[in-house]
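First the structure, in the form of C-alpha cells, and then the observations on it.
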Amino acid sequence: MSPVAPPSPRTSAGVDVAAADMEAVDAVIRERLRSDVVLVNQIAQYIVGAGGKRIRPRLVLLFAAALGFDGPERHTLAAVVEFIHTATLLHDDVVDESSLRRGRPTANAMFGNAASVLVGDFLYSRAFQMMVSVNRMRVLDVLADATNVIAEGEVLQLMNMHDPDLAVDEYLRVIRYKTAKLFEASARLGAVLAEAPAEVEDRCASYGRALGTAFQLVDDVLDYEGDPRALGKNVGDDLREGKPTLPLLLAMERASAAERALVRAAIEHGEVQRLEEVARIVRATGAIEATRDAARREAEHAARCLDVLPPSRQREALLEFCVQSAERSS
C-alpha cells in the first residue's frame, strides 16, 4: 500500500509555493540522518522515508518567506521540526503498541521497541545539534520549550487512558500540548528567523496552535469514520488504546443511558471489537459533525491570525492549510 500523498500548500492557481524549499529540506534531512551505526540509519531512513504530510516544516518555510526571510537557516529548522516530529512518532508507537503507520508496519513492529525508542532519542539529539548550529538563542528557547511541553502532553495522555470521565477541557489540553505545540513552534520559528515584532511572532504562533488543534480534532474523527486504506493506519486504534477523544466524550453527553454505558465500557476496557457499535453511537448522536465543527472553529481562528502578514502567495497557501486541516478525509 502506498503512503497517503501529503497535502501541499498551494495557491489558487494550483502552484505549490514551497516545492523548491522542500527539496532543499529533504536534502538536509538525508544528510543529517547519516550515522556510523547501521541500525540507526536503517530505522531513521525507514520512518522518515515513509512520507507523511510534512506540514510542520512547511510552516517554518511559509512563515519565514511571508515575512521576508530567505536564509539557509530556514531549511535547517524545517528539518529540525521534522526530526522532532519523527522522534515523537517512534516513541508514540511504542507507548501505544501501534502496528501500522502511513500504510506500513511501524518501526517498533519491524525492529522492536528498544531500537525504536533509542533511534527516537538519536533524532531528538541530532535535532538539538542542528538547532545549536543556527546560533540563535531564541530558536533554542522556542524548541526546548516545545519538546518539554510535548513530553508533558504524552504523560498527560498516558494518565488519561481508559478514563471515560475525562473533562473536555482536559482533553483539549492534551492535544494542545501533544500535537498543537509543535505546529505552534514551527510557525513561530518562521517569525523568529525574520526577526518579526513580538506581536507578529505571537500571532504566527497562535495560527500554528489553532491549526494543530484542528488537525488533531479531525484525526480523532477519522478514527471512527475513516478508510484505513486512505489513512494508512488502523481505524479504531484510539478505542483500542482507551483514548477518550472528543467524539466519544460528546457522544456520551448526548447518548441514552444504555448507549452511554456501552461507550464507557469500551473506553475503560479498550474494546475495539465493539468499534462498529461505538461508531454507530458516535454518528447517531451527531458527535462526528460536532467535532468537525470544533475543528472548523479552530481553523477559522487560525485564518484570522494571518491578518498580520502582508498579501503574498505564502499567506494564501497558509489560508489554504486552514481549509485542508478541517475538511480533510485522510
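Do the conditions hold for residue 176, that is, is it in contact (Cβ under 8 Å) with a residue 24 or more places away in the chain and surrounded by fewer than 24 Cβ atoms within 10 Å (Cβ to Cβ)? In short, yes.
One residue stands out among those in the stretch 146-165 that are in a helix (DSSP H, G or I) and more than 17 Å from the chain's Cα centre (by Cα): the one that is surrounded by the most Cβ atoms within 10 Å (Cβ to Cβ), which is 160.
Each residue in the stretch 4-20 was checked for being surrounded by 15 or more Cβ atoms within 10 Å (Cβ to Cβ) and either more than 21 Å from residue 215 (Cβ to Cβ) or at pLDDT below 75 (or both), and 6 pass.
Within the stretch 115-132, residues that are buried (at least 19 other Cβ atoms within 10 Å of the Cβ) reach partners that are of a type in the set (Asp, Glu) and part of a helix (DSSP H, G or I) with beta carbons closer than 7 Å, at six or more positions or on different chains, in the pairs 116/93. Per the listing 268, 300, 276, the residue uniquely in contact (Cβ under 8 Å) with a residue 24 or more places away in the chain and in a helix (DSSP H, G or I) is 268. Within the stretch 66-108, take every residue that is touching a strand residue (DSSP E or B) at 6+ places or on another chain (Cβ under 8 Å) and without any contact (Cβ under 8 Å) to a residue 24 or more places away in the chain and give me the one that is nearest to residue 200 (Cα to Cα). This residue is 93.
With respect to the conditions (1) under 20 Å from the mean Cα position of the chain (by Cα); (2) modelled with pLDDT of 90 or more, residue 24 lacks only one, and its number is (1).
What are the residues in the stretch 295-324 that are small (Gly, Ala, Ser) and either touching a His at 6+ places or on another chain (Cβ under 7 Å) or surrounded by fewer than 21 Cβ atoms within 10 Å (Cβ to Cβ) (or both), if any? Passing the criteria: 303, 312.
The values are calculated or read from the model by the stated rules, or taken from the named source; none is laboratory data. Model, not experiment: these values are computed from the prediction. Counting neighbours? That spans all protein chains shown, and the Cβs are built from the backbone with ideal geometry, glycine included.
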